[in-house]
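Report on the structure given below.
Just so it is clear, none of the values below were taken in a lab; they were calculated from the coordinates. As the structure is a computational prediction, the values presented were derived from the model and not from experiment. So basically every Cβ, Gly included, is an ideal-geometry build from the backbone, and we count neighbours across all protein chains shown.
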Amino acid sequence: MATACFDELIHAPNRLKICALLAPVASLEFVTLCEQLGVSDSVLSKHIKSLVDADYVVINKKTSDGRQRTWLSLSAKGRKAFAGHVEALKEIVG
């Protein structure tokens, strides 16, 4: 079980959703995240940059069918921070 630790960076609604979508998978394509969140590329990019700067998310660019695709995954640090944040939320709501 993760140690409860409220994380202000993760707590922003879109960043919390990003972490929640990335937590159960090895990686997810940028386009899929945009569709799931219902946000524009620029909005998602801004949130991803914040998470990357904190070393919570890793970006991996791959070429497929002649197009470059961006894949995102939670780093070990990001997984730990997200799990701790979820535990802190559970403590708050009791």
Inset, instruction - Take the chain, connect every pair of alpha-carbon atoms lying under 10 Å apart with a spring to form a Gaussian network, then pick out the residue of LYS46, LYS80, LYS17 with the largest mean-square fluctuation. - result: LYS46
Legend entry - Surrounding net charge for LEU89, when Lys and Arg each add one and Asp and Glu each subtract one, Cβ distance under 13 Å: -3
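Once fully extended, how much extra length lies between SER27 and LYS46, figured as 0.36 nm per residue of separation less the alpha-carbon to alpha-carbon distance? The partial results should precede the final answer.
Numbers: separation 19, 0.36 × 19 = 6.84 nm, distance 1.85 nm.
Here the segment from SER27 to LYS46 would lengthen by 5.0 nm.
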Inset, instruction - Could you check which residue among ALA54, ALA23, ALA83 shows the biggest mean-square fluctuation in a GNM of the chain with a 10 Å Cα cutoff? - result: ALA54
Legend entry - Size of the chain as Cα extents on the principal axes (Å, biggest first): 49, 24, 21
Legend entry - For the chain: relative contact order, % (alpha-carbon pairs under 8 angstrom, 6 or more apart): 43 percent
Inset, instruction - Between ASP53, ASP41, ASP65, find the one with the highest GNM mean-square fluctuation for the chain; connect C-alpha pairs within less than 10 Å. - result: ASP65
Inset, instruction - Give, rounded to the nearest 20 debye, the magnitude of the charge dipole that the chain has about its Cα centre when Lys and Arg contribute +1 at Cβ and Asp and Glu contribute -1 at Cβ. - result: 240 debye
Inset, instruction - Check the straight Cα-Cα distances from LYS61 and name the aspartates and glutamates below 20 Å, setting aside those fewer than 8 residues away within the same chain. - result: GLU29, GLU35, ASP41, ASP53
